[in-house]
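Novice: Take a look at the following structure, please.
The values are calculated or read from the model by the stated rules, or taken from the named source; none is laboratory data. The structure displayed is predicted, hence computed values, not measured ones. Virtual Cβ from ideal backbone geometry, glycine too; neighbours counted across all protein chains shown. Note: accessible area is taken over every heavy atom of the protein model, side chains too, but ligands, DNA and RNA are not part of it. Shrake-Rupley method; radii C 1.70, N 1.55, O 1.52, S 1.80 Å.
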Amino acid sequence: LTLSSGIAVSRCGDGADTDVNANDFSAQSATPKAGNQCVVPQGIFYTTSLESGDPTFTKLSGAGTFSATGCPGSLSPRSGSQAFHNTSVTTASNDGGRDMESSCIALPNTRPVQLSYYHIADLATLGGSSLNTRARLYWFTDASCSTPATTANTLLGSGGQTVSTSGYGNYLQSTAVPSDATYVRIRIMIWSSAGAASNGNWCVDDVSLEGL
């Protein structure tokens, strides 16, 4: 069992346990010297395939034309007919690049969460360079996502992941949740060390958050 930083195995206390290990042991936010947490895993509490009526994403800033209505060129969405992409990539791997952001999402409770999304790029259009992707979760204490939690954000997978050019790749990362956070926004980044030379075709689809 491999646990992300800030996550530990917790056991339901006597009286709240079921004597079934699969039920009584779970991955929870690490709380040294505090009482054990006994929380039933939430499962997927946010999901979008960018279809009509689904939650959508918007681009924060930067060059290029953003679209959440499908994939460019020869690429196809992983599911349905919608996905998101931008016609320009940046060399910046941190916030302030061509970041794509979700709406404000309610957290079911304080627990570890796992972010999943799928990515693909058309190698023939990338100018000989690869694209990279990673995500950051922004934590808030209010339903308008205007008041940051004590820990304002968490970078997932610091090294990033290469965007797949052979079928859809899956970005999958988990993290603890700040104790005072009740809402979250997802920011997904796509970048390349070659910058504009890699302004090719790519798209992201099927984004979800799951309580572990």
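Novice: Residues Leu126, Leu115, Leu155, Leu131: which one is at pLDDT below 95 and under 25 Å from Ser10 (Cα atoms)?
Specialist: Leu155
Novice: Given (1) open to solvent by less than 50 Å² (accessible area, probe 1.4 Å); (2) of a type in the set (S, T, N, Q); (3) closer than 20 Å to Gly62 by Cα, identify the lone condition not met by Ser116.
Specialist: (3)
Novice: Which condition does Gln173 not pass, out of (1) under 18 Å from Cys71 (Cα atoms); (2) open to solvent by 40 Å² or more (accessible area, probe 1.4 Å), if it passes all the others?
Specialist: Only one criterion is unmet by Gln173, namely (1).
Novice: Please work out if Gly167 is surrounded by fewer than 13 Cβ atoms within 10 Å (Cβ to Cβ), of a type outside the set (A, V, I, L, M) and within 15 Å of Tyr118 (Cα to Cα).
Specialist: So Gly167 fits the description; yes.
Novice: Which count do you get for residues in segment 188-212 that are open to solvent by less than 20 Å² (accessible area, probe 1.4 Å), farther than 30 Å from Pro108 by Cα and either acidic (Asp, Glu) or outside any strand (DSSP E or B) (or both)?
Specialist: Of the residues in segment 188-212, 4 are open to solvent by less than 20 Å² (accessible area, probe 1.4 Å), farther than 30 Å from Pro108 by Cα and either acidic (Asp, Glu) or outside any strand (DSSP E or B) (or both).
Novice: Determine which member of the set Ser144, Ser158, Ser174, Ser166 is in contact with a Cys (Cβ under 8 Å, 6 or more places away or on another chain) and of a type in the set (Gly, Ala, Ser).
Specialist: Only one candidate qualifies: Ser144.
Novice: Continuing with the same structure: Restrict the check to segment 37-59 and report whether at least one residue is open to solvent by 60 Å² or more (accessible area, probe 1.4 Å), in contact with an Asp or Glu (Cβ under 8 Å, 6 or more places away or on another chain), at pLDDT 80 or above and among the charged types (D, E, K, R).
Specialist: no
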